[in-house]
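Okay, structure first, notes after.
The values are calculated or read from the model by the stated rules, or taken from the named source; none is laboratory data. Fair warning: this is a prediction, and the values are worked out from it, not measured in the lab. Note: ideal-geometry Cβ built from the backbone for every residue, glycine included; neighbour counts use all protein chains shown.
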Amino acid sequence: MFMLERIIDAHIHLDIYKPDEQSLILGEMEASGVDALISVSNHLLSAQKNLQLARYDSRIKPAIGFHPEQPLPSDEEVADLLALIDNHQDEMTAVGEVGLPYYSRQEGKADKREAYMAILRMFIQKAVELDKPVVLHAIYDDAPVVCDLLEKHSSIKAHFHWFKGDARTVERMARNGYFVSVTPDIVYKEKTRKLVRQYPLEKMMVETDGPWSFEGIFDGKMTHPDMIRRSIYEMAMIKRIPLQLVYDRLYENTSWFYGV
Ligand SMILES: [Zn+2]
């Protein structure tokens, strides 16, 4: 029988999918060769949902954090999230999604930068304290700022998901051993293809960021972890590395990074 290469979706928001979509994805995982989903959280309720999903299906690997592209949480919510992390450290895979608000800042909505920084520092501190990887939303100008924070902790495992940034920062991140992941937009976004050209495969992962939807050949389709296969094909072409090696390396990277 033909065997599919195994894959891991290194960044998905499974809790945001509708229940019937969640069932569809989980039901198709085995047949689509998807071994695990790193399901990140946007806020407290989202984290509770991800923990619940993971209790129901052990292939779901939950991360707990507060997504920066939304209004600031109350002090109470931050405290509850940090307590949730403490109380569920054995069930959770990583701290995330955390970072700084780039898009909301562009729209003039997130001017309280210092407050977002303070929250990010607390989550990074928690990740260091519990020796967990951290999943970061830090793009463009925010990436060097987040590098400054991370460099205070030499042993931290950092994953910059759907990374976009300048060449100097890309070099700095690679030197620090940070991981980046790419989404299916690699098919049609030159920026993503360029990142793949520049970044070492040894420090890369693949993700969907689902249910975020994609364009081009994915237009109108529900974002499904099997879209990652197309990303891996593109990566192999861009890097001129045999497809099988790219599959193996990405799997190994993700499985090592998240301990799954
Ligand atoms: Zn995300």
Hey, among V196, V187, V170, V246, which residue is of a type in the set (A, V, I, L, M, F, W, C), closer than 22 Å to G96 by Cα and either buried (at least 18 other Cβ atoms within 10 Å of the Cβ) or more than 15 Å from the chain's Cα centre (by Cα) (or both)?
-> V170
Selected residue (only one of Y199, Y188, Y258, Y233 is hydroxyl-bearing (S, T, Y) and either modelled with pLDDT under 95 or in contact with a Gly (Cβ under 6 Å, 6 or more places away or on another chain) (or both)) = Y188
With respect to the numbered conditions (1) within 16 Å of the ligand (Cβ to nearest atom); (2) without any contact (Cβ under 8 Å) to a residue 60 or more places away in the chain; (3) of a type outside the set (F, W, Y), which one is the sole condition not fulfilled by E207?
-> (2)
Here is a list of conditions, (1) farther than 23 Å from V146 by Cβ; (2) away from the ligand (no atom under 16 Å from the Cβ); (3) of a type outside the set (D, E, K, R); (4) within 19 Å of the chain's Cα centre (by Cα), and L14 meets all of them except one; can you say which number that is?
-> (2)
In the list A127, A138, A94, A83, which residue meets the criterion of being away from the ligand (no atom under 15 Å from the Cβ) and buried (at least 23 other Cβ atoms within 10 Å of the Cβ)?
-> A127
Looking only at region 28-65, count how many residues are in contact with a strand residue (DSSP E or B) (Cβ under 6 Å, 6 or more places away or on another chain) and either part of a helix (DSSP H, G or I) or closer than 14 Å to H13 by Cβ (or both).
-> 15
